[in-house]
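The values are calculated or read from the model by the stated rules, or taken from the named source; none is laboratory data. Keep in mind that this is a model prediction, so the values were computed, not measured. Cβ: placed from backbone, ideal geometry, glycine included. Neighbour counts: every protein chain shown.
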Amino acid sequence: MIYARITIYISRLISLLLIGGLIGTVQAQDITGEIAQAAAPYVAIDKTLSESGASWQIHLVQTRDEIYVPIGVRKPEGDGPFPMILIGSGQGREGILKIEQSMDRFEELMGRLVDRGYVAAFINFRNEVPFYYNKISGAGLLEDNVSGSNRTLQSVSTLDSDDYVSIVEHAKALPYTDPNGIGAIGSSHSGEIILKGTAVIELGAAVPAEPAAIEYLGMDISKAPRDASGRELQMQDVEAVKVIADKTATMRRASTITTPLLVIGRDTDHLQGIFRLSYEWIKEAGKDVTWESFNHPEHGFALLGKVEGQEFEVDETQEEVFALYMKFFDEHLK
């Protein structure tokens, strides 16, 4: 399973990450890691959290077009197999820097999952190519018919949701996970990524929380109402979203879903109509999907994350939503 134990010098790591355009800010130091095998060979780098000292790993996961995206993994003691929950927040950005920051920001959620016997992984992927999702069906590799060599050629620009599928495949193939017990929770764009991902690959259960499903719903946002600044969409009303969404495309995507879904909304969010319509059309497609919405002041509240500049505390509403989705995960993944 493990090919070799190696010491990876940061210069080599930087070279690898620059190839994939994934590096944010990395401190110059020697790093101990290993090259291991899951769905494809990957680099695993041992780390510890600065405050609690809990151990975790960065995995550099090979994607469909053969570059690498980083995820941060915490696991219970033992060999497993364990169920696993993939966690995402917002856009793909900043490579390893986002992983390191998020392992601290979402330490509470990940620690709770590990204590309950789950592997917890915070994920990252490439930033999206705006609106490209509705122009192509997905990336792949083509046989080289130009030079006659054994190269593979990229078919189209890779979508962030293609990276997500590669991460799910990686999670299913890890030696300590249960491939039938892989779940996911994601907020905002990472909630939409779950919807895009479950259209092409099966998970044991998934929770799109406040899913900003603009591309998934095929919305023409040039026709969307906005606030006084002209920047923020005002899509609280489901009927207003329906007018500018593509139901035919959405129902085609929903028709392939086999993953049980729990869609979580936020009562006062300016995109609440998008969250709700995502649920309604998936439900209309006859899929196993549930809707719950909560009144909370913070976008992304379901992930129990630290809010910059505020003293960290999980409030009653967050405890309620955590209990809700953990019951959902426990029923489907264990």
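Quick notes
- Helices (runs of 4 or more DSSP H) enclosed by the range 151-246 - at least 3 residues per element that are surrounded by fewer than 23 Cβ atoms within 10 Å (Cβ to Cβ) and over 12 Å from the mean Cα position of the chain (by Cα): 160-173, 238-244
- Residue match in the range 288-307 (condition: over 18 Å from SER188 (Cβ atoms), among the hydrophobic types (A, V, I, L, M, F, W, C) and either in contact (Cβ under 8 Å) with a residue 12 or more places away in the chain or in contact with a Ser or Thr (Cβ under 9 Å, 6 or more places away or on another chain) (or both)): yes
Here is a yes/no grid of residues against (1) part of a helix (DSSP H, G or I); (2) modelled with pLDDT under 95; (3) in contact with a helix residue (DSSP H, G or I) (Cβ under 8 Å, 6 or more places away or on another chain):
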{"site": "SER52", "(1), (2), (3)": "no, yes, yes"}
{"site": "LEU60", "(1), (2), (3)": "no, no, yes"}
{"site": "GLY72", "(1), (2), (3)": "no, no, yes"}
{"site": "GLY88", "(1), (2), (3)": "no, no, yes"}
{"site": "GLY92", "(1), (2), (3)": "no, yes, yes"}
{"site": "ILE96", "(1), (2), (3)": "yes, yes, yes"}
{"site": "MET103", "(1), (2), (3)": "yes, no, yes"}
{"site": "GLU108", "(1), (2), (3)": "yes, no, no"}
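- Matching residues, the range 288-321, being in a helix (DSSP H, G or I) and buried (at least 18 other Cβ atoms within 10 Å of the Cβ): PHE301, ALA302, LEU303, GLN318, VAL321
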